[in-house]
Amino acid sequence: MDFAYDARTEELRERLLSFMDEHVYPAEPVAEEQRAALDSPWRTPQVVEELKATARKLGLWNLFLPDPEYGAGLTNLQYAPLAEITGRSPQLAPTALNCAAPDTGNMELLAQFGSARQRERWLEPLLAGEIRSAFAMTEPEVASSDATNIGTRIRREGDTYVVTGRKWYISGAMHPDCAVFIVMGKTDPDGEDVRRQQSMVLVPRDTPGVEVRRAMTVYGYQDHYHGGHAEVVFDDVRVPAENLIGEEGGGFAIAQARLGPGRIHHCMRLIGMAERAIELMCRRALERTAFGRPLAAQGVVREWIADARVQVEQLRLLVLKTAWLMDTVGNRGAHTEIQAIKIATPRAVVRIIDDAVQLHGAGGVSQDFPLAELWAAARTLRLADGPDEVHQRSLARRELQRYA
Ligand SMILES: Cc1cc2nc3c(=O)[nH]c(=O)nc-3n(C[C@H](O)[C@H](O)[C@H](O)COP(=O)(O)OP(=O)(O)OC[C@H]3O[C@@H](n4cnc5c(N)ncnc54)[C@H](O)[C@@H]3O)c2cc1C
């Protein structure tokens, strides 16, 4: 395994680092001010639109998409260090580069499984950053980490499908530009094979019967920059049969394919979040004095900093190894490693950010530093895309099988 950055990665890293310094970090306070003045908090502040235009001009656009027909054509190993950099400003940078979840997963899904017509109608405007999208799977009534529990019905009627169900924590759905939902539901609820009961359909947001009911909060945050996380009701929503993605019964398999890259992208950005927390921790420790000494002189603070550095280096290597495996043996072959990083990264990064919060005292939990919001975002990634315990369960099962 050779994890040295190749020439293309190095060049893109340089360009992205300059973009972050010159445009993204200075835009953070501006975006907050502009958002506060907007008629709807869900709209994109003008400065973010300007960041998007600049990123596009600089060739820092759709870097996440490995298919060169649609995106930059980077391997996972090439994209990993770039996604890490965007994680340093998770509210603005991924959106600026058109590399933000859930659109990234949805674009990959459409590129891989969408029909020519679906790609033209939805993928093209998503690639251009003109619309947003959401992925609707989780339901309040059932334990949704087990996809076989999903209760939403997708009923075939003539040349249409009728969708009925209630979803929540649907990221991006509060954004006024969110034009389409990819909805997971059951076309064959009594089918013998529980993994063939589900299908996915495209539901345009303006279809009668779609109600974006309310914004769910995340530890009190509304995640405006991500378009929030909504509760959405589908009440006898009728869409043309051609809106089915792939084949009937293929929903489970498509969801699996979608989540592999999504999970590693989250881990890459989490490492960037941890790096930002370490930087803030070090700067604060050097400039703040208590009991006659800078905080940096306290043994406990040095321990936090050292532990954080050791953990970030370990996590980065595991993420790079996973990216390399995905590139060389495919997402299936990298299954164990994808689960390992999904378990290890949010846990460790939550701890690192928490130490940084502690070092900042009251400032750490305040709106004057990004730490509180970083912590909430990292903490949710122990749940989103599958809770830790579900990944542990299946990873342990494979480990046990070797000895059974
Ligand atoms: C910020 C955020 C954004 C999200 N965005 C989206 C989105 O865009 N689209 C979408 O569809 N969903 C989204 N989700 C939902 C997320 O994917 C689910 O919360 C997650 O899959 C868990 O499902 P659940 O909440 O129903 O928990 P449940 O399935 O009820 O699980 C609850 C807990 O039970 C335990 N548990 C479950 N199974 C096992 C097991 N096998 N072994 C041991 N313990 C177990 C775990 O501790 C787990 O945390 C988002 C969630 C959050 C917090």
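Label point 7 Å out from D146 along Cα-to-Cβ: which residues of region 154-169 have amide N under 20 Å?
166-168
Which whole DSSP H helices in the chain pass both tests: a Cα extent of 27 Å or more along the axis and a mean Kyte-Doolittle value no lower than -0.5?
Details: long enough: 251-287 (53 Å, 0.19); 299-333 (44 Å, 0.15); 335-359 (37 Å, 0.38).
Helices passing the filter in the chain: 251-287, 299-333, 335-359.
Can you say what percent of the DSSP beta bridges in the chain, counting only those with both residues inside, are antiparallel? Round to 5.
On the way: 32 of 38 bridges.
Approximately 85 percent, going by the DSSP bridge assignments.
Taking region 333-404 on its own, what percent of its Cα-Cα pair distances exceed 19 Å? Each step should come with its number before you reach the end.
Values: 1163 of 2556 pairs.
When all Cα pairs of region 333-404 are counted, 46 percent exceed 19 Å.
Label-point separation (nm) for A53 and F3, each offset 7 Å from Cα along Cα-to-Cβ?
It works out to 3.9 nm between the two label points.
If the only charges are +1 at each Lys and Arg Cβ and -1 at each Asp and Glu Cβ, what is the size of the charge dipole of region 132-245 around the Cα centre, to the nearest 20 debye?
Values: 13 positive and 17 negative charges, 36 e Å.
With Lys and Arg at +1 and Asp and Glu at -1, about 180 debye.
With the alpha-carbon atoms as the only input, what is the per residue convex hull volume for region 92-212 in Å³? Walk me through the numbers on the way to the answer.
Values: hull volume 14.6 nm³, N = 121.
That works out to 120 Å³ per residue.
Tell me, what does the Kirkwood hydrodynamic radius of region 218-296 come to in angstroms if you use every pair of distinct C-alpha atoms?
Values: mean 1/r = 0.0558 Å⁻¹.
By the Kirkwood definition, the hydrodynamic radius is 17.9 Å.
Averaged over every viewing direction, what's the projected area of the C-alpha convex hull for the chain? Give it in nm², one decimal, please. Walk me through the numbers before you get to the answer.
On the way: hull surface 85.7 nm².
Averaged projected area of the chain's Cα convex hull equals 21.4 nm².
With unit charges on the beta carbons (Lys and Arg positive, Asp and Glu negative) and the dipole taken about the Cα centre of the chain, which residue among N149, A323, V301 sits farthest to the positive side?
V301
So if I take the centroid of the Cα atoms in region 164-216 and the same for region 260-312, what is the distance between those two points in Å?
Cα centres, region 164-216 to region 260-312: 39 Å.
Region 200-297: which chymotrypsin sites (Phe, Trp or Tyr not before Pro) are DSSP loop and have at most 12 other beta-carbon atoms within 10 angstrom? Write out the running numbers ahead of the final one.
Values: sites: Y219, Y221, Y225, F234, F252, F291; in loops: Y219, F291.
Answer by residue number: Y219, F291.
For region 252-401, place one equal point scatterer on every Cα, skip the solvent, and apply the Debye formula. What is log10 of I(q)/I(0) at q = 0.11, 0.12, 0.14 Å⁻¹?
The Debye formula, applied to the Cα set alone, gives -0.47, -0.55, -0.70.
When only Cα pairs under 8 Å and 6 or more residues apart are kept, what is the percent relative contact order across the chain? Could you put the intermediate results ahead of the total?
On the way: 669 pairs, mean separation 57.1, N = 404.
Here the relative contact order equals 14 percent.
If I take R0 = 51 Å and measure r between the Cβ atoms of Y25 and R155 in this structure, what FRET efficiency does the formula 1/(1 + (r/R0)^6) give, to the nearest 0.05?
On the way: r = 50 Å, r/R0 = 0.97.
Rounded to the nearest 0.05, the efficiency is 0.55.
Where a Cα-Cα gap under 23 Å defines reach, which lysines qualify for K186, not counting those fewer than 8 residues away within the same chain?
Within reach: K167.
Using just the C-alpha positions of region 7-114 as equal point scatterers, what log10 of I(q)/I(0) does the Debye formula give at each q in 0.22 1/Å?
The calculated log intensity ratios at q = 0.22 Å⁻¹ are -1.19.
Can you sort I352, I343, I85, I131 so the residue with the fewest Cβ neighbours within 10 Å comes first?
Numbers: I352 28, I343 19, I85 22, I131 16.
So the residues, fewest neighbours to most, are I131, I343, I85, I352.
Rounded to two decimals, what ratio of Rg to Rh does region 158-278 give with C-alpha atoms and a Kirkwood Rh? Don't skip to the end; give the middle numbers.
Details: Rg = 16.5 Å, Rh = 16.0 Å.
Here the Rg-to-Rh quotient is 1.03.
About its Cα centre, what dipole magnitude does the chain give when the only charges are +1 on Lys and Arg Cβ and -1 on Asp and Glu Cβ, stated in debye to the nearest 20?
On the way: 47 positive and 56 negative charges, 161 e Å.
The calculated dipole for the chain is roughly 780 debye.
Relative contact order, percent, of region 252-401 when contacts are C-alpha pairs under 8 Å separated by at least 6 residues?
Numbers: 138 pairs, mean separation 42.6, N = 150.
RCO, region 252-401: 28 percent.
With unit charges on the beta carbon (Lys/Arg positive, Asp/Glu negative), name the residue among L259, L202, Q339 whose Cα is farthest towards the positive pole of the charge dipole of the chain.
Q339
If you place +1 on the Cβ of every Lys and Arg, -1 on the Cβ of every Asp and Glu, and leave all else neutral, what size is the dipole of region 265-404 about its Cα centre, to the nearest 20 Debye?
Its charge dipole is roughly 280 debye.
We did not get these values from a lab; they are worked out from the coordinates using the rules stated. Just so you know, these numbers come straight off a predicted model, no measurement behind them. All Cβ positions, glycine included, derive from the backbone under ideal geometry; neighbour counts span all protein chains shown.
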